[in-house]
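Engineer: Just passing along the structure, written as structure tokens.
The values are calculated or read from the model by the stated rules, or taken from the named source; none is laboratory data. Just so it is clear, the structure is predicted and the values come from calculations on it, not from any experiment. Here the Cβ positions follow ideal geometry from the backbone for every residue, glycine too, while neighbour counts run over all protein chains shown. We work out accessible area using only protein heavy atoms, side chains counted, and drop any ligands, DNA or RNA first. Shrake-Rupley method; radii C 1.70, N 1.55, O 1.52, S 1.80 Å.
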Amino acid sequence: MRKLQVAVVGSGPAGLYTAEALIKQAAVLDPPCAMQVDVLDRLPTPYGLVRYGVAPDHKSIKSIADYLRGVLEHDSVSFIGGVHLGEDVTREDLLASYDAVVYATGAMRDRRLGIPGEDLPGSVAATDFVNLYCGHPDVDPGTFALDAESVAVIGVGNVAVDVARILARNPEDLRETDVSQPVLDALMASKVREVHLIGRRGPAQAKFTTKELRELGELDGVEVVVYGGEVDLDAFDPTGGSARLAEADRHVRGNYTVIRDWAGRSAVKGDGEVGGAARKLTVRFWLRPTEIHGPERTSALTLERTRLDSDGRLIGTGSFETLPAQLVLRSVGYQSVPLAGVPFDDRSSVVPNAEGRVLAPDGTVLPGEYVAGWLKRGPTGVIGTNKSDAAQTVRSLLADLAGGPGPDEVQLPRPGLLRYPETGPGPAAGPRDGPGFAELLAARGIRPVSYADWQKIETAEKELAASLRRGSRVKLSSREELHRACGLDAPA
């Protein structure tokens with residue numbers, strides 16, 4: 001019996017939830033469908049955002065990797081790391097080698113602010129700093145000097161809060177985490193003494209979670225300052241919508257309770273004054289950046305006071321202030337990046353799709369191509385949201401495989417565009433009765449990283465932690481170290 005062979009591009013939560021859904025849903029088809037899923041990643045390590053997007057001090061979230069490990073260890077799933085779509089292989093290679101391809105590469109780029117001075121040295125995408133403290137092999141820790149005393153973080157989502165917390169907290173607190181040793185050394189040498197977390201709107205519109213917010217107030221040696229005037233829910237919102245949100249929405253109410261408490265404590269000392277703390281974290285609202293000043297590198301940030309108009313639209317008031325800052329980190333949202341040859345909507349930064357089916361520029365469905373995760377819907381939801389999203393894409397894929405509706409079933413939108421695997425006796429055949437993907441890589445001299453190789457990396461990281469007397473594991477941060485742990489030559 002020949003198996004249906006599917007490639008999933010991306011081994012983060014979206015990709016691995018897709019692999020899991022493929023295995024589970026194929027098993028309950030009538031008749032059941034044998035399935036082989038190859039999960040590809042350009043990096044030699046799996047788990048994507050869970051490994052390279054979750055702050056090292058958030059161990060409970062990072063534990064999601066334990067669940068995803070079970071997907072990779074399924075007999076019908078293979079990990080193919082270190083293979084880059086667009087460089088090592090093409091979209092056409094994948095379509096020729098597999099019955100179906102699911103793109104699930106997430107969102108890897110920060111949105112730009114679109115203001116003068118944004119490209120000055122010292123003006124950095126928050127993703128770059130996240131990649132630094134998460135030990136991403138694309139980032140050399142030696143190129144990111146934390147020599148700024150004052151840092152402005154633009155944005156009030158969970159990523160911005162993570163960035164502010166890592167900058168403000170005592171790096172000794174990270175010694176028992178998996179943060180790489182070069183990054184820990186860089187944080188230990190940090191000159192940062194003041195962090196400003198800046199939101200364009202008010203506390204009722206902030207996107208952070210209450211749990212993340214409370215953690216900021218629990219940092220040893222850090223004084224949190226909030227200006228009382230910026231917390232007044234009616235001062236900048238004549239519609240009354242902010243006050244209604246804080247009353248009706250449990251999440252907003254929890255956030256506002258924490259912020260109002262901070263503002264009360266700040267008022268006792270006087271706004272901006274700190275007594276005896278090693279570092280200060282100032283949370284600001286109703287301000288938007290208008291210019292980053294140099295001349296040769298970032299030295300200050302001009303902010304304009306904002307408010308909502310009577311229609312609830314954000315507008316500038318014409319009142320400005322200039323904040324000294326030698327490092328500006330923008331965290332105003334993620335964007336997906338195009339995949340070589342795959343249709344992409346530049347306006348929404350997603351692959352155009354209908355319930356996970358990839359659409360051509362003319363709106364027609366492309367047979368055998370699917371998309372999941374942030375690349376499908378944009379950077380919305382939490383990690384777990386990818387599970388239901390992946391399930392929808394897989395339902396579309398398997399419906400297309402079915403070849404048409406059964407009795408009393410609703411007509412499928414595009415039945416039979418995928419070939420149902422033959423169930424008769426005989427040797428297994430390739431998906432297109434031609435060379436398989438492994439043979440294609442071998443012919444090009446590409447030795448991918450397998451799951452067994454990844455386990456060698458895990459072992460090396462645990463041994464490194466033991467040698468440094470630091471927790472249960474310490475990340476290998478460079479590609480050279482990762483490949484050496486696998487017994488592979490370093491990438492060119």
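Engineer: For the subset of segment 195-229 comprising residues that are acidic (D, E) and open to solvent by less than 50 Å² (accessible area, probe 1.4 Å), which member is nearest to L281 (Cα to Cα)?
Structural biologist: For segment 195-229, the residue satisfying everything is E223.
Engineer: Additional query: Before we move on, is D232 among the acidic types (D, E), closer than 14 Å to L308 by Cα, open to solvent by less than 10 Å² (accessible area, probe 1.4 Å) and not in a strand (DSSP E or B)?
Structural biologist: Answer is no for this residue.
Table: residues versus (1) touching a Cys at 6+ places or on another chain (Cβ under 6 Å); (2) closer than 24 Å to G471 by Cβ; (3) part of a loop (DSSP other than H, G, I, E, B); (4) of a type in the set (D, E).
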position: E118; (1), (2), (3), (4): no, no, yes, yes
position: V159; (1), (2), (3), (4): no, yes, no, no
position: L167; (1), (2), (3), (4): no, yes, no, no
position: D178; (1), (2), (3), (4): no, yes, yes, yes
position: D185; (1), (2), (3), (4): no, yes, no, yes
position: V195; (1), (2), (3), (4): no, no, no, no
position: R201; (1), (2), (3), (4): no, no, yes, no
position: F208; (1), (2), (3), (4): no, no, yes, no
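Engineer: Considering only segment 108-132, state which residues are of a type outside the set (A, V, I, L, M) and either within 17 Å of E296 (Cα to Cα) or modelled with pLDDT of 95 or more (or both).
Structural biologist: Answer for segment 108-132, where residues must be of a type outside the set (A, V, I, L, M) and either within 17 Å of E296 (Cα to Cα) or modelled with pLDDT of 95 or more (or both): P116, G117, E118, D119, P121, G122, S123.
Engineer: Let me ask you something else. Considering only segment 470-492, how many residues are in a loop (DSSP other than H, G, I, E, B), out of contact with any Lys or Arg (no Cβ under 9 Å at 6 or more places or on another chain) and not hydroxyl-bearing (S, T, Y)?
Structural biologist: Residues in segment 470-492 being in a loop (DSSP other than H, G, I, E, B), out of contact with any Lys or Arg (no Cβ under 9 Å at 6 or more places or on another chain) and not hydroxyl-bearing (S, T, Y): 1 in total.
Engineer: Since R284 meets every condition but one in (1) buried (at least 18 other Cβ atoms within 10 Å of the Cβ); (2) closer than 19 Å to P203 by Cα; (3) touching a Phe, Trp or Tyr at 6+ places or on another chain (Cβ under 6 Å), which condition does it not meet?
Structural biologist: Result: R284 fails condition (3) only.
Engineer: In addition: Just a yes or no: is a residue in segment 18-26 in a helix (DSSP H, G or I), within 20 Å of the chain's Cα centre (by Cα) and crowded, with 24+ Cβ neighbours inside 10 Å?
Structural biologist: Checked against the condition, which is being in a helix (DSSP H, G or I), within 20 Å of the chain's Cα centre (by Cα) and crowded, with 24+ Cβ neighbours inside 10 Å, segment 18-26 yields at least one hit.
Engineer: Next question. Among the listed residues S299, S319, which satisfies the condition of being closer than 20 Å to R193 by Cα and open to solvent by 30 Å² or more (accessible area, probe 1.4 Å)?
Structural biologist: S299
Engineer: Follow-up question, since we're still on this one. Out of the residues in segment 33-49 that are aliphatic (A, V, I, L, M) and in contact with a strand residue (DSSP E or B) (Cβ under 9 Å, 6 or more places away or on another chain), state the one that is surrounded by the most Cβ atoms within 10 Å (Cβ to Cβ).
Structural biologist: V37
Engineer: List pairs: first in segment 120-140 and more than 15 Å from L167 (Cα to Cα), second among the small types (G, A, S) and in a loop (DSSP other than H, G, I, E, B), Cβ under 6 Å, 6+ apart or cross-chain?
Structural biologist: Listed by first residue and then by second, the contacts come to L120/G294; G135/S180; G135/S477; P137/S478.
Engineer: Can you name the helices (runs of 4 or more DSSP H) wholly within segment 368-462 that have at least 2 residues being at pLDDT 65 or above and open to solvent by 80 Å² or more (accessible area, probe 1.4 Å)?
Structural biologist: Here the list reads 385-401, 437-443.
Engineer: A further question follows. What pairs come out if I take residues in segment 206-220 that are without any contact (Cβ under 8 Å) to a residue 40 or more places away in the chain and pair them with residues that are part of a loop (DSSP other than H, G, I, E, B) whose C-beta lies under 6 Å away, six or more apart or interchain?
Structural biologist: Pairs that qualify, where the first residue is without any contact (Cβ under 8 Å) to a residue 40 or more places away in the chain and the partner is part of a loop (DSSP other than H, G, I, E, B): there are none.
Engineer: Considering segment 241-251 alone, what residues qualify as being out of contact with any helix residue (DSSP H, G or I) (no Cβ under 8 Å at 6 or more places or on another chain), surrounded by 13 or more Cβ atoms within 10 Å (Cβ to Cβ) and not basic (K, R)?
Structural biologist: Result: G241, S242, A243, D249.
Engineer: In segment 463-492, which residues are surrounded by 15 or more Cβ atoms within 10 Å (Cβ to Cβ) and either hydroxyl-bearing (S, T, Y) or over 19 Å from R447 (Cβ atoms) (or both)?
Structural biologist: L464, A465, R470, G471, R473, V474, K475, S477, S478
Engineer: Tally time: how many residues in segment 287-321 are hydrophobic (A, V, I, L, M, F, W, C) and touching a Gly at 6+ places or on another chain (Cβ under 6 Å)?
Structural biologist: 1
Engineer: Tell me yes or no: at least one residue of segment 139-147 is crowded, with 21+ Cβ neighbours inside 10 Å, more than 23 Å from the chain's Cα centre (by Cα) and either at negative phi or assigned to a loop (DSSP other than H, G, I, E, B) (or both).
Structural biologist: Looking through segment 139-147, none of the residues is crowded, with 21+ Cβ neighbours inside 10 Å, more than 23 Å from the chain's Cα centre (by Cα) and either at negative phi or assigned to a loop (DSSP other than H, G, I, E, B) (or both).
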